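Enquirer: Submitted below is the structure of interest, expressed as structure tokens.
The values are calculated or read from the model by the stated rules, or taken from the named source; none is laboratory data. In this text the structure is predicted, and so the values were computed from the model without any measurement. Don't worry about glycine lacking a Cβ; one is built from the backbone with ideal geometry, like all the others, and counts go over all protein chains shown. For the accessible areas, the whole protein counts, side chains as well, though only heavy atoms, and no ligand, DNA or RNA atoms are used. Shrake-Rupley method; radii C 1.70, N 1.55, O 1.52, S 1.80 Å.
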Amino acid sequence: MRTDVLDIEAFYDSALGQTTASYVSARLEQAWGSAEGLRVASFGYGQPYLPVFSAAERCLSLLPEGMGVSAGAAANHACLTSDVYWPLPDASMDRVLIVHGLEEAAAPRRLLREVWRVLADDGRLIIVVPNRRGPWAMIETTPFSAGRPYLRVQLDRLLKSAMFTPAAHSSALYFPPLDMGFLLRASRAWERAGEYMWSALAGVTLVEAVKEIAIPAGGTKADVLQPRLLRPATTRRSARSLHPVGDRATSPQGSGVIVKPGKT
């Protein structure tokens with residue numbers, strides 16, 4: 001069972017939720033900038049993060065059917081959908097963001113195969129998930145405590161099994177997941193210190209991945225393909241992929257910094 005959308009909205013309406021959104025949004029902006037001219041979709045609960053992509057050609061919000069939808073989330077760009085059958089054409093999106101979406105999915109690899117289907121050939125995916133070692137996955141005060149948390153190596157393995165190549169990693173939310181004014185006021189110092197001193201204890205892990213096009217003959221990656229996924233997909237944005245892994249890389253939007261790589 002998925003976390004109810006009203007509970008997630010209540011979290012993001014709180015001071016803790018707004019602080020959370022600001023730090024995760026900063027990582028997304030570093031990776032994709034404003035997504036100028038791109039088609040962006042989020043799966044899970046992406047409403048607090050889609051405003052980052054203010055220059056996108058379009059932004060769509062896909063909410064899992066078990067989560068529900070509220071008046072705040074029911075704008076023209078939002079809809080309820082199955083985890084594994086999205087109402088989008090093949091190769092129709094340039095960027096996909098998953099937040100509050102993977103950890104409660106009944107079939108995570110099948111979900112990622114659906115992402116693979118709707119992404120353009122040069123498309124990019126960012127997944128935000130709770131870190132298994134971090135306190136945010138253990139203290140039940142936020143939506144990040146729901147479902148299955150991941151270690152970075154587990155997430156990389158899952159992505160590879162669904163024909164994605166992990167390209168860059170980052171993390172965020174080093175401050176305690178407590179809605180206390182004095183802790184939130186010190187959150188910037190927590191973030192700076194945590195990045196260098198206790199990076200393994202971050203609240204969330206972010207992984208950016210690129211879509212693999214080649215299908216191995218007789219490999220295990222092909223066993224989840226369905227006939228409709230085998231149709232060739234084309235995109236008119238073949239030059240819009242970000243640069244490969246590196247501490248700094250420029251995107252076509254000029255964001256300057258990709259989500260930085262780290263050790264698993």
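Enquirer: Please list, in order along segment 49-58, the HN-Hα scalar couplings obtained from phi with the Karplus expression 6.51 cos²θ - 1.76 cosθ + 1.60 (θ = phi - 60°), rounded to whole Hz, x for Gly and Pro.
Expert: Rounded to whole hertz, the list is 10, 4, x, 4, 8, 5, 9, 5, 4, 7.
Enquirer: Amide H neighbours of residue 80 under 5 Å, at least 5 residues apart or on other chains, H built in the peptide plane: list them.
Expert: 63
Enquirer: Let me ask another. Please state, rounded to one decimal and in Å, the Kirkwood hydrodynamic radius that segment 1-158 gives when every pair of distinct Cα atoms enters the mean of 1/r.
Expert: One over the average 1/r among Cα pairs gives 15.7 Å for segment 1-158.
Enquirer: Indicate the gyration tensor shape class of segment 65-175 (rounded, prolate or oblate), computed on the Cα atoms with a ≥ b ≥ c the square roots of the eigenvalues: a/c under 1.5 is rounded; otherwise a/b larger than b/c is prolate and the rest oblate.
Expert: Oblate is the answer for segment 65-175, as a/c is 1.5 or above yet b/c matches or exceeds a/b.
Enquirer: For segment 189-196, take each phi angle, set θ = phi - 60°, evaluate the Karplus expression 6.51 cos²θ - 1.76 cosθ + 1.60, and give the result in whole Hz per residue in order, putting x for glycine and proline.
Expert: Running phi through 6.51 cos²θ - 1.76 cosθ + 1.60 with θ = phi - 60° gives 5, 4, 5, 5, 5, x, 4, 9 Hz.
Enquirer: Per residue, how much accessible area does segment 17-153 have with a 1.4 Å probe, in Å²?
Expert: Averaged over the residues of segment 17-153, the accessible area is 33 Å².
Enquirer: What size of dipole, in debye to the nearest 20, comes out for segment 134-207 about its Cα centre when the only charges are +1 on Lys and Arg C-beta atoms and -1 on Asp and Glu C-beta atoms?
Expert: In debye, rounded to 20, segment 134-207 gives about 160.
Enquirer: Turning to a different aspect of this structure: So who's got an amide H within less than 5 Å of the one on residue 121, skipping anything under 5 residues away but keeping other chains? H placed 1.01 Å off N, in plane.
Expert: Those lying under 5 Å, H to H, from residue 121 are 235.
Enquirer: Work out the length of the dipole vector of segment 1-126 about its Cα centre, built from +1 on the beta-carbon of each Lys and Arg and -1 on the beta-carbon of each Asp and Glu, and round it to the nearest 20 debye.
Expert: My answer is approximately 240 debye.
Enquirer: I've got another one for you. Show the residues, 5+ positions off or on another chain, whose built amide H is closer than 5 Å to the amide H of residue 60.
Expert: The answer is 40, 41, 42.
Enquirer: In whole percent, and with a 1.4 Å probe on the protein chains, what portion of the accessible area of segment 156-218 is carbon and sulfur?
Expert: 63
Enquirer: Along segment 104-116, what does the Karplus equation 6.51 cos²θ - 1.76 cosθ + 1.60 (θ = phi - 60°) give for ³J(HN,Hα), rounded to whole Hz, x for Gly and Pro?
Expert: The phi angles translate into 10, 6, 6, 10, x, 5, 5, 4, 5, 5, 5, 4, 4 Hz.
Enquirer: Right, something else. What accessible area, in Å² to the nearest ten, does a 1.4 Å probe give for residue 7?
Expert: 100
Enquirer: Can you check what the net charge comes to around residue 185, using other residues whose Cβ is under 15 Å from the Cβ of residue 185 (Lys, Arg +1; Asp, Glu -1)?
Expert: 0
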